[in-house]
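Remarks on the structure that follows.
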Amino acid sequence: QVQLVESGGGLVQSGGSLRLSCKASGIFFGLYTMGWYRQAPGKQRELVATLAPGGETDYTRSVKGRFTISRDIPKNTVYLQMNNLQPEDTGLYFCNAHNRVGDRWGQGTQVTVSS
């Protein structure tokens, strides 16, 4: 059974940092593209960052240079380091595991950035 559990969200002032964690069980990272998505109130869920099985990363333009996605394979955990957070980064952040079969999602962790 696949399970993704996010943690690390919270309330932070503009310019601050947070590190999100996604602990995965029931999957092997080497077979999945791991990703972070976010959804702001009243908006659609958007892709923030991805980490391919081979280690390649990709970011949406608005977070490039500020966010870093990484993984710890022995711990089966993927991270999202978020620096210089801005109010527009506020939202519910979801962990995603994607392969040819489909997508798995975590329950989300809330990030709120005050101005």
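The values are calculated or read from the model by the stated rules, or taken from the named source; none is laboratory data. Predicted model, so just to flag it, every value in this text is computed and none were measured. Each accessible area value is taken on the protein alone, full model and side chains, heavy atoms only, with ligands, DNA and RNA left out. Shrake-Rupley method; radii C 1.70, N 1.55, O 1.52, S 1.80 Å.
Structure summary
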{"item": "Per-bin percent of Cα-Cα distances, region 24-91 [5 Å]", "result": "3, 16, 27, 23, 16, 11, 4, 0"}
{"item": "Surface per residue (accessible, 1.4 Å probe) for the chain, Å²", "result": "54"}
{"item": "Carbon and sulfur %, accessible surface of region 72-115 computed with the full protein complex present, 1.4 Å", "result": "51"}
{"item": "Nearest-10 value in Å² for the accessible area of Ser14, using the 1.4 Å probe", "result": "60"}
{"item": "Sequence-separation-based contact order of region 11-73, relative, with Cα cut under 8 Å and 6+ spacing, percent", "result": "22"}
{"item": "Accessible heavy-atom area order of Asp89, Asp72, Asp103, highest first, probe of 1.4 Å", "result": "Asp103, Asp72, Asp89"}
{"item": "Whether the chain is rounded, prolate or oblate, judged on the alpha carbon gyration tensor where a/c under 1.5 counts as rounded", "result": "prolate"}
{"item": "Separation between Cα centres of region 1-29 and region 69-86, rounded to whole Å", "result": "7"}
{"item": "Within a Gaussian network of the chain (alpha carbon springs, distance under 10 Å), most fluctuating of Arg66, Arg19, Arg100", "result": "Arg100"}
